[in-house]
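The values are calculated or read from the model by the stated rules, or taken from the named source; none is laboratory data. The structure displayed is predicted, hence computed values, not measured ones. We place every Cβ from the backbone using ideal geometry, glycine too, and count neighbours over all the protein chains shown.
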Amino acid sequence: MIIGAALLVGATVVILGACVLLVILVVAVRARRHSRNQRDEMLMSPLRSALITVASGEDDDGAAAEQLTWATGVSRVVLDRNIVEMLGKIRGVPADQLVHVLEVHGAVDAAVEDLTSRSSVRRARAAQLLGLARAKDTVPLLVTALGDESVEVRNSAAYALGLIGDPAAAGPVLAAIGAPERGLPAATAAEALQSMGVGISEVLRDGMADDNARTRMVAAHLSAERSFTLGLPQLRRLLSDDPDLTVRETSATAIGRLGRGEDADTLVRHTADTEPLSLRRACVVALGELGDTRAVPALAEILDDSDPRLAELAATALLSMGAEGSAALAGHEDDPAVRTARLLVSLQRASA
Amino acid sequence: MSAPAGEPDASPVRVLVADDDADIRDLVEFKLTQAGYAVEAVPDGISAWEAFEANPPQLAVLDVMMPGLSGIDVLRKIRESEFPSVPVLLLSAKSRDSDVDTGFAVGADDYVIKPFSPRELLHRVNGMLARAR
Amino acid sequence: MSWDGVTEGLRSLVVWSMDVTAVPVIIYFLLINTSLLLLIALAYLEFRAQQRRRATAVSWQGAGLAPGVSLLVPAYNEEAGIVMAVKSFLTLRYPRHEVVVVDDGSSDETFARLEAAFDLVQVPRELPHEIPIRAKVLGIWVPRDGRTRLVVVRKENSGKTEALNVGVNAANEPLVAMLDGDSILEPDGLLHVTRPFADDPTRMVATGGAIRPVNGSRVVSGRIVRVEMPQTWMPRIQLVEYLRAFLLGRTGWSRLGGLILISGAFGLFRRDVVVEVGGLEPNSIGEDFELVMRIHKKLLDEGRDYRIEFVPEPVSWTEVPITAKVLRNQRRRWHRGLWETLWAYRSMLFRPKYGRIGSLALPYYWLFELIAPLLELFGILIVPLALLLGVVNVPFAILFLVLAYGYAVLVTLSAMVVDEWAFHKHDRWRAIWQTIAASVLENIGYRQATVWWRLEGWWSSLRGKKHVWGVMTRTGFDEEQA
C-alpha cells in the first residue's frame, strides 16, 4: 500500500508537471512566432520600400536595387528570404533585377552549398531558390536532389526543374515518380513536366513503358495535355493491356484528345460490356471527343445499354458528330437518355 | 506613366485592391498609386466587401485565393449588389484556367495570372477603365 | 437484516470487486495510456514531417492531375441554408467539380428555393443503378444556363444514407465527397483533400479532412471570415474533443497505415470503389465508419495495393450541439454505430490477411473506444462508494482522480501544442486560456455524462431497439445578410 501510494503520488506529480510544461510550450510556441515575425518586420522595414519599388518595376534608375545589394548580416538573410518569396509572385524585368540582387549577395552560391545541408528544410529551400533564380547550371545538382531522402526536397527539386524548364531533366523527373520508397509525388512531377519544352515527347513515350503504374499514368496524361502524337502507339497499348484500370482510363481519354480517325475502332473495342463500366464510359466520352463518324454504329448500339449513363454519354457523343451522328438517334427519340442529352445540348447552345 | 484621369482637375480614379499576400498588396498599391490612382488596399475578402459597400470604387482588383471570402465570393456579391457593373480584375495563381473559368462565369472582366508582370497589370487596369467609360 | 449488516455486506462487496478488478484495471490503465502516448508520438512525427513540407510548400493549384470531384449534399428540410450552401460549394477553388444535391423528400421549401435560385429545369435522365436504391427517385433538375455544374435529385424520404447512395449514382466525376448540407468548407479545402489522389493517383482510394466546430465564428456567405471561440462551455469542450480526435488520433493512425474512421462530415472517396463495395449501408447507424471498414475488407481480401489517408488541414467546419439533449442523441448514435460496425467486422480481428487494420486498429477501437466507457463507469461508481464505505481514504481517492483526469488533460494539451504550432487558427490569447480551461472542465460532469450516453447507445443496440433518429436542432450561424 505504501509503495502503491508513493507510485500514485509520483505519477500524479509527473502528469501534472507535464501538463504545466505543455501549457508553457503552447505559450512559448505562440510567443516565438510573434517575436520572430516582429523581428523580421523590423529588419525588413528599412528595405521594404526599396523591395516594392524594384518588384513593381518602378526602379528606373536602379537606385532601389542598389540599396538592396548593400544589406548585410541578419537583415540580408531576411531580405533574401523575402526576395525569394517575391520571385514566386512576379515575372519580367523586375524579377531579373531581384535575381541579380540575390547573386550579388552570394545567395545562389550559398544555395548550392545548402543542397547538401543536414536540414531537409534548408535543402528544400535551397532547391527552390535555385529554380526561382533560374540557375540553369545547377540542373545536374537538382536532378540528384530528386532522389533525396526527404519528400519535401524531392518536391522542391522537381518544382525548381520545372521553373528552369530544361527538357534534359524530364527523364529523371519522370523516373523519380516510381523510385521505391522515395517516390516523387505524381502531381509535382506532372506540374514540372508541364513547363518543360517540346523536347520531352520521347521521354513521355518511353515513360509509358515504365514498370510503375503512376509513371505510366503521368506520361499518358501529359502526352495528351501537351498534344504529343508521338505517344499514340504506346497509348493504344496501354488502353488494351495495362493491368491498372486508372492507367487504361487515362489512356482512353488521351486517345480521345489526340487520336486519329482509325483510333475509333480501338476505343469502340473497349466499350464492350466485358470491360469495367468506368472504362466503357471513358471510351464513349473519348469517342465523342475524337469525333470520327466510324464510331457511329457502335455508339448507336450503346443507346440500348442497360446503364443509363452510358446510353446518355453515347447520345451526347452522337449529337456532337453532325448529321450522321444525329441520324443514328432515329428510333430512339423517346429514350430518356436521348431526350436528356438533347435538352442539355440545347440549354448549352442557348446560353452560349 | 501618365495619370489616367481624363480632366486635369478630376479627382483620381478609386481602385480597391484585395490580396492577403502583403507583398502583392503593397506592390499593386504602389504601382497603381504611381500611375495616379487612389488605391484602397485590404488584406482579405470580408474587408474588401465592407470597403466596397462603404464606398464603391470605380474598379476592383481581387485576389482569388483569400482566406474566408475568396475573390470569387466577393465578385459574386458585387454582381448581386447595387453597383453590379464595377469592373473587376481577378488575380489568380498559375492554374489550369479553372479559376479563370469560374471567375468569368461569375462575372469577372479580366484576369491576371500570378506570377505576373506589374507593368501588364497596369496596362490591363487602364484598358478596363477605358472600356468602362 | 440490520443497517450495519447491509453496510458491511456492501463494504465487503466493494472490497471484493476492487480486489478482483485491481489488476485488470491497472493493466488496462497502463495500456490505454501507453497507446495514447504512442499515438501522440506518431502524430508528432507525422506533424514534424508535415511541418517541414508546409515550410517548403510551393503552391499547388490542382493543375493536371487533380481528379474531378462530385460534392454530394444530402438535404432534408434545409430551406434556410441550402441556397447559400450550394453557392459556396459551387465557388470552391478547384479545377473541376460539380454539386449534387439530393433532396430527401423534404416537406419544406428546400426544392422550391433551389429551383428559384438556380432557375432549374427538369431533365428526363434516368440514374445509373450501380448502387441499389429502395426509395423512388422523383426527378432530376439542372440549371437552365447549361453551365453551372449543379444537379438536383428529388427522391422520396428514406434517410441520409440512402440519399448519399443516390448521390453516388448521380455523380459524374471520379471522386465523390460526402458532406453535410450545413458543412462550411474552406475555399481551398478541396485542393487539400484531393492532393493525396493527385500524388498517388493509382492507389489512393479515400481521404478524410479535419473538421472543426464553427460555433461562435463569424460566417458570411457560407464562408468563415473570422474564427472565434464558441460562446458557451459545451461547444468549447467539443472543440477540445475535435482537436484531440483529429490532430492526434487520426493523424497517428494515418501514419501507421491503420486509418479506419473518416468522418461523415468530410470524406472523399473514389466513386468506382464506393460502387464496387455496394455503397453505404442504409441500415447502418455509423454508415461512414462502416463504409471505410467495408473498403478495407474488400481491398485487403483481394490483396490490392491501396491507400487511405488523413489530411490534417482543417477543411470543413460544422455546427456542434449546444444542448445536452442533442448532444446525448449524437453520442448515443455514435457509440451505437461504433459497436454495430465493430461487431459486424469482428472476423477481421487478428487475421494476418488484414495487416495493421486487424492487428492494431480494430483491437484498439474495441478496447479503448468501445469498452472504455464501461470501465470508466465502473470507476465513477466504485471510487465514491469505496470512499463512502471507508475502503480507501480521501487523499488516495483524490490522487487517483487527479491522476486519471490529469492524464486526459495532458493528452488534450498535446493536441493544443500541435494545433498552435501547425495551424494557429485562433489568433487571440484569450482563445488559448479558454481552450485550456475547457480541457480541465471537460472532466467535471461532461465526461461522465458522455460515458453514460455512450453506454445508453450501446445498450439500446444490444436490446435490438429500433433507433429513433435524433433531429439536430440548429441554432444557425451568426449569418449576416448582405
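Screening A:A175 on (1) closer than 19 Å to C:P201 by Cβ; (2) crowded, with 17+ Cβ neighbours inside 10 Å; (3) of a type in the set (A, V, I, L, M, F, W, C); (4) within 14 Å of chain C (Cβ to nearest Cβ) shows it passes everything except condition (4). Within the range C:120-137, the set of residues being hydrophobic (A, V, I, L, M, F, W, C) and free of Cβ contacts under 8 Å to residues at least 24 places away in the same chain comprises C:V121, C:V123. Is it true that some residue in the range A:260-271 is within 14 Å of chain C (Cβ to nearest Cβ) and buried (at least 22 other Cβ atoms within 10 Å of the Cβ)? For the range A:260-271, residues within 14 Å of chain C (Cβ to nearest Cβ) and buried (at least 22 other Cβ atoms within 10 Å of the Cβ): absent.
Close contacts from the range A:257-273, counting a first residue that is farther than 16 Å from A:A311 by Cα and free of Cβ contacts under 8 Å to residues at least 60 places away in the same chain and a second that is part of a loop (DSSP other than H, G, I, E, B) and among the polar types (S, T, N, Q), with Cβ to Cβ under 6 Å and a gap of 6+ residues or different chains, come to A:L258/A:S227. Just so you know, in the range C:217-236 the residues that are of a type in the set (V, I, T), touching a residue at least 40 places away in the same chain (Cβ under 8 Å) and over 16 Å from C:I432 (Cα atoms) include one that is surrounded by the fewest Cβ atoms within 10 Å (Cβ to Cβ), and it is C:V219. Among the numbered conditions (1) surrounded by 19 or more Cβ atoms within 10 Å (Cβ to Cβ); (2) closer than 30 Å to B:L91 by Cα; (3) in contact with a Lys or Arg (Cβ under 7 Å, 6 or more places away or on another chain), the only one that C:V102 does not meet is (2).
Filtering the range C:396-411 to residues that are closer than 23 Å to C:R48 by Cβ and more than 9 Å from every other protein chain (Cβ to nearest Cβ) leaves only C:V411. Residues considered: C:L239, C:L280. Of these, the only one that is away from chain A (no Cβ under 14 Å), part of a loop (DSSP other than H, G, I, E, B), under 18 Å from the mean Cα position of the chain (by Cα) and on the phi < 0 side of the Ramachandran plot is C:L280. When the residues of the range A:272-303 are filtered to those that are of a type outside the set (K, R), touching a His at 6+ places or on another chain (Cβ under 8 Å) and within 13 Å of chain C (Cβ to nearest Cβ), the one that is nearest to A:R248 (Cα to Cα) is A:L279. Among the numbered conditions (1) more than 29 Å from the chain's Cα centre (by Cα); (2) in contact (Cβ under 8 Å) with a residue 40 or more places away in the chain, the only one that C:A117 does not meet is (2). Of all the listed residues (C:V193, C:V219), the sole one being under 14 Å from C:V69 (Cβ atoms), among the β-branched types (V, I, T) and under 24 Å from the mean Cα position of the chain (by Cα) is C:V193. If you take the residues in the range C:209-228 that are farther than 17 Å from C:D182 by Cβ and either in a loop (DSSP other than H, G, I, E, B) or at pLDDT 90 or above (or both), which one is nearest to the other protein chains (Cβ to nearest Cβ)? Filtering first and then ranking leaves C:V227.
A search for C-beta distances below 6 Å between a residue of the range B:42-55 that is within 16 Å of B:A22 (Cα to Cα) and any residue that is assigned to a loop (DSSP other than H, G, I, E, B) and among the charged types (D, E, K, R), counting only pairs 6+ apart in sequence or on different chains, returns B:P43/B:D20; B:D44/B:D20. Just one of the listed residues (B:S98, B:S81, B:S47) is within 14 Å of chain C (Cβ to nearest Cβ), at pLDDT below 95 and closer than 19 Å to C:G189 by Cα, namely B:S98. Residues of the range A:66-92 that are in a helix (DSSP H, G or I), surrounded by 14 or more Cβ atoms within 10 Å (Cβ to Cβ) and touching a Leu at 6+ places or on another chain (Cβ under 8 Å): A:Q67, A:L68, A:S75, A:V78, A:L79, A:D80, A:N82, A:I83, A:V84, A:M86, A:L87. For the range B:29-44, filtered to residues that are touching a Pro at 6+ places or on another chain (Cβ under 8 Å) and either within 9 Å of another protein chain (Cβ to nearest Cβ) or closer than 20 Å to B:L75 by Cα (or both), the residue that is surrounded by the most Cβ atoms within 10 Å (Cβ to Cβ) is B:K31.
Listed here are the helices (runs of 4 or more DSSP H) enclosed by the range B:16-133 that have at least 1 residues being over 25 Å from C:V219 (Cα atoms): B:22-34, B:98-106, B:118-132. Residues that are β-branched (V, I, T) and more than 7 Å from chain A (Cβ to nearest Cβ) were ranked within the range C:123-137; the one that is nearest to C:A171 (Cα to Cα) is C:I131. Residues satisfying the criterion are present in the range A:45-57 (criterion: out of contact with any strand residue (DSSP E or B) (no Cβ under 7 Å at 6 or more places or on another chain) and over 28 Å from A:G131 (Cβ atoms)).
Filtered by the rule that a residue be hydroxyl-bearing (S, T, Y) and either buried (at least 22 other Cβ atoms within 10 Å of the Cβ) or within 23 Å of C:K353 (Cα to Cα) (or both), the range C:277-312 gives a lone residue, C:Y306.
Selection of the range A:119-136 for residues being surrounded by fewer than 20 Cβ atoms within 10 Å (Cβ to Cβ) and away from every other protein chain (no Cβ under 13 Å) yields only A:K136. Beta carbons closer than 6 Å, at least 6 apart along the sequence or on distinct chains, pair a first residue in the range C:141-161 that is hydroxyl-bearing (S, T, Y) and at pLDDT 90 or above with a second that is surrounded by fewer than 21 Cβ atoms within 10 Å (Cβ to Cβ) and part of a loop (DSSP other than H, G, I, E, B) for C:S158/C:A135; C:T161/C:P282.
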